[in-house]
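Colleague: Could you have a look at this structure, given as structure tokens, before my questions?
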Amino acid sequence: MPPLLVRHSVLIFIIPAMLLTLLGLPPTATLATRFYSFDLMREYPHDPEAFTEGLLYGGNDTLFESTGLFGRSSVRKVDLQTGKVLVLHQMDEKMFGEGLTLLGDRLFQLTWLTNVGFTYDRHNFSKCGSFSHKMRDGWGLATDGRVVFGSDGTSTLYQIDPESHQVMRMVPVKYQDNDVRYLNELEYINGEVWANAFKTDCIAIISPDSGIVVGWVFLHELRLMTF
């Protein structure tokens, strides 16, 4: 599946489109940075009241979604074509739902301003348990099918053991020797971690081994097109 974006009452699918020129690279660079724009492919209906924090494709035209805000946070299964909520787990009103990922039959969810996360059965959303983590906060989650990647709003990309929930590795994320901060929503795509930089219209494409940003997706034109 291509990356997903949420714009109020509409879900938007995008696919990268390579820009014609590289911007600002030194001529002696040994690793060329990739720069992408996007093509708007399709729009889908979406609950305008859902404060989307985590979103992933669940197969068979369904989405798994984590929503935030105190008193309104939830985990839900959504029909892609209609936007209808098929299964809903309402969270405790003191919890603010954050990042979400799926590993096997378990959904992993973070919460904001806490070190607490939850796991759910993907089929019926029964709560499998809770866990604590060592990140500074709970922001984004993704997985490569073996480890869970996490973000906490800093420039650190965490690698977490999905069984013990212990941090296995902390990788500083940098672009041209500068820290890339406010890493937020995460996706794992073709061996790389894609991370939205909070409060920007940019997605950083990160090598999970080195933490080097190897590419950028620029989405500022999407804001002009849809808002």
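Colleague: Quickly run through segment 148-180 and pick out the residues that are charged (D, E, K, R) and in a loop (DSSP other than H, G, I, E, B).
Modeller: Correct list: Asp152, Asp161, Glu163, Asp177.
Colleague: Taking the criterion of being under 29 Å from Tyr158 (Cβ atoms) and at pLDDT below 90, would at least one residue in segment 37-46 satisfy it?
Modeller: The answer is yes, given that some residue of segment 37-46 is under 29 Å from Tyr158 (Cβ atoms) and at pLDDT below 90.
Colleague: Sticking with this one: Look through segment 91-124, keep the residues that are among the hydrophobic types (A, V, I, L, M, F, W, C) and more than 15 Å from Leu56 (Cα to Cα), and return whichever of them is nearest to the chain's Cα centre (by Cα).
Modeller: Among residues in segment 91-124 that are among the hydrophobic types (A, V, I, L, M, F, W, C) and more than 15 Å from Leu56 (Cα to Cα), the one nearest to the chain's Cα centre (by Cα) is Trp112.
Colleague: Considering only segment 49-71, state which residues are surrounded by 15 or more Cβ atoms within 10 Å (Cβ to Cβ), out of contact with any Gly (no Cβ under 6 Å at 6 or more places or on another chain) and over 17 Å from Tyr120 (Cα atoms).
Modeller: Scanning segment 49-71 gives Ala50, Thr52, Leu69.
Colleague: Does Asp152 satisfy the condition of being of a type in the set (Asp, Glu) and crowded, with 18+ Cβ neighbours inside 10 Å?
Modeller: Taking the combined requirement at face value, the residue satisfies it.
Colleague: With β-branched (Val, Ile, Thr) and closer than 21 Å to Phe51 by Cα as the only criterion, which of Thr119, Thr154, Thr143 stands out?
Modeller: Thr119
The values are calculated or read from the model by the stated rules, or taken from the named source; none is laboratory data. A quick note: this is a predicted structure, and the numbers were derived from the prediction, not measured. Note: ideal-geometry Cβ built from the backbone for every residue, glycine included; neighbour counts use all protein chains shown.
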